[in-house]
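> Quick one: the structure is below, questions incoming.
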Amino acid sequence: MRLTILLAALLAGTCATQASAQLTESANFAAEIETRYQVSIDVPYTSQGGAQLAMDVYSRRDVTTPQPTLVFFHGGFWVAGNKNAQILALLPWLEMGWNVVNVGYRLGGTAPAPAAVIDGFCALRAIAAEAARFNVDTQKLVVSGQSAGGHLALAMAMIPDSEGFAAGCPDGTTPLVAAAINWFGVTDVQDVIQGPNMAENAARWFNGVAQPTALAQRLSPIRYVRNDLPPILSIHGDADAVVPYAHGVELHRALAATNVRNQLLTIPGGGHGRFTAEERTRIYATIQDFLMEAGL
């Protein structure tokens, strides 16, 4: 009798252990990610001004067909920051099953404007050239970034080839961007280098530039609003003290007069990033809905 009771207790304990070992969906993703993804760090994509530039590629290795791919640019007013600090910003995209390319670019202390924009276009060309290697669907390239990175994402989506910023890149074709996800990016460069919202770090990007006003205008996404742009979603806090909320408002006010699918997601009381967990959940739900509506 006692043996029967002991066996029953052991079996109950085993069942309880098995029940407690069931992983949540997010824990399953964390457990499987190493199997699902191949990580290629510091993949060279161009040499500019004597500097070898590199990107990190997180590519699906559990599939054989081309995959939608995010191209991400870090922030730092074009003079600070680096790609190595961005992994947490990339995780939601990996959970969504996307490839991710995290781009490093020349900072202002190494090369002033428009170097970072040139590097962005060179990165896009390199991604297209290596599409087969990394299972990239070049018809589903989405650009994104935060702050200065948001500006670079918008630049990739909005500045036409005719401006010549890709002229110094390796031979090839610059792929069209399928959508842009702009996190509180600069849309009017002149405003932050010499306008009412001038920021010292932003102005440093133009150190030594002969005609900063003219170049700043050419680098401003707001200048290139037109009907043939890809879908654009912006996320911006209305209390942002670094890149004014008005940058996002003006861009989307202009886009509203076109045929371009666009949306401005306002974070009430939100500053320059540093959103709460609840706000980020809302943001990524909005991103997924926006991409779904855009066919991505």
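> Could you give the angle, 0 to 90 degrees to the nearest 10, between helix 277-293's Cα long axis and the longest principal axis of the Cα atoms of the chain?
70
> Between ALA30 and ILE87, 0.36 nm times their residue separation minus their Cα-Cα distance comes to what?
Details: separation 57, 0.36 × 57 = 20.52 nm, distance 1.38 nm.
Difference between extended and current length: 19.1 nm.
> Find out how many positive minus negative residues lie around GLU293, taking Lys and Arg as positive, Asp and Glu as negative, among other residues whose Cβ is under 15 Å from that of GLU293.
On the way: positive: LYS140, ARG261; negative: ASP289.
Once positives and negatives cancel, what remains is +1.
> Here's something else I'd like to know. Any idea what angle helix 245-255 forms with the longest principal axis of the chain, computed on alpha-carbon atoms, 0 to 90 degrees, nearest 10?
So the helix axis and the longest Cα principal axis differ by about 80 degrees.
> Further, regarding this structure: Classify the chain as rounded, prolate or oblate from the Cα gyration tensor: take a ≥ b ≥ c as the square roots of its eigenvalues, call it rounded if a/c is under 1.5, otherwise prolate when a/b beats b/c and oblate if not. Don't jump to the answer; show the numbers that get you there.
Numbers: a/c = 2.25, a/b = 1.81, b/c = 1.24.
Because a/c hits 1.5 or more and a/b exceeds b/c, the chain counts as prolate.
> Would you mind ranking HIS151, HIS74 so that the residue whose beta carbon has the fewest other beta carbons within 10 Å leads the list? Before the final figure, lay out each step's value.
Details: HIS151 32, HIS74 23.
In order of increasing Cβ crowding within 10 Å: HIS74, HIS151.
> Now a separate question. What dipole magnitude, in Debye to the nearest 20, does the stretch 36-293 give about its Cα centre under +1 on Lys/Arg Cβ and -1 on Asp/Glu Cβ?
Working: 17 positive and 21 negative charges, 45 e Å.
With Lys and Arg at +1 and Asp and Glu at -1, about 220 debye.
> Let me ask something else. Out of residues 5 or more away from GLN48 or on other chains, whose amide H comes under 5 Å of its own, with H placed 1.01 Å from N in the peptide plane?
LEU53
> Cut-off 10 angstrom, C-alpha nodes, Gaussian network model of the chain. Which of GLY49, GLY76, GLY97 fluctuates the most?
GLY49
> I've got another one for you. Classify the stretch 107-220: rounded, prolate or oblate, from the alpha-carbon gyration tensor (a ≥ b ≥ c, eigenvalue square roots; a/c under 1.5 rounded; otherwise prolate if a/b is larger than b/c)?
Details: a/c = 2.30, a/b = 1.72, b/c = 1.33.
Prolate shape, in that a/c is at least 1.5 and a/b is the bigger ratio.
> Moving to a separate point now. How much FRET efficiency would the formula 1/(1 + (r/R0)^6) give for THR65 and THR173, where r is the Cβ-Cβ distance and R0 is 25 Å, rounded to 0.05? Before the final figure, lay out each step's value.
Working: r = 22 Å, r/R0 = 0.86.
About 0.70, to the nearest 0.05.
> Provide the net charge surrounding THR187, with neighbours chosen by a C-beta distance below 10 Å and charges set as Lys +1, Arg +1, Asp -1, Glu -1.
Details: positive: ARG223; negative: ASP188, ASP191, GLU250.
Overall, the nearby charge balance is -2.
> Of GLN139, MET198, PRO112, which is farthest on the positive side of the dipole of the chain, counting Cα position, with +1 on Lys and Arg Cβ, -1 on Asp and Glu Cβ, and the Cα centre as origin?
Looking along the dipole axis, the top candidate is GLN139.
> Classify the stretch 143-296: rounded, prolate or oblate, from the alpha-carbon gyration tensor (a ≥ b ≥ c, eigenvalue square roots; a/c under 1.5 rounded; otherwise prolate if a/b is larger than b/c)?
On the way: a/c = 1.82, a/b = 1.15, b/c = 1.58.
Because a/c hits 1.5 or more and a/b fails to exceed b/c, the stretch 143-296 counts as oblate.
> Have a look at ASN259, ASN28, ASN102 and tell me which one the Gaussian network model of the chain (Cα, springs below 10 Å) gives the largest fluctuation.
Between ASN259, ASN28, ASN102, it is ASN28 that shows the largest mean-square fluctuation.
> Near CYS169, within a Cβ-to-Cβ distance under 11 Å, what is the net charge of the other residues, with Lys and Arg +1 and Asp and Glu -1?
-2
Every number here is computed from the coordinates shown, using simple stated rules; none is lab data. Everything numeric in this text was worked out from a predicted model, so none of it was measured. Please note: Cβ atoms are built from the backbone with ideal geometry, for glycine as well, and neighbour counts cover all protein chains shown.
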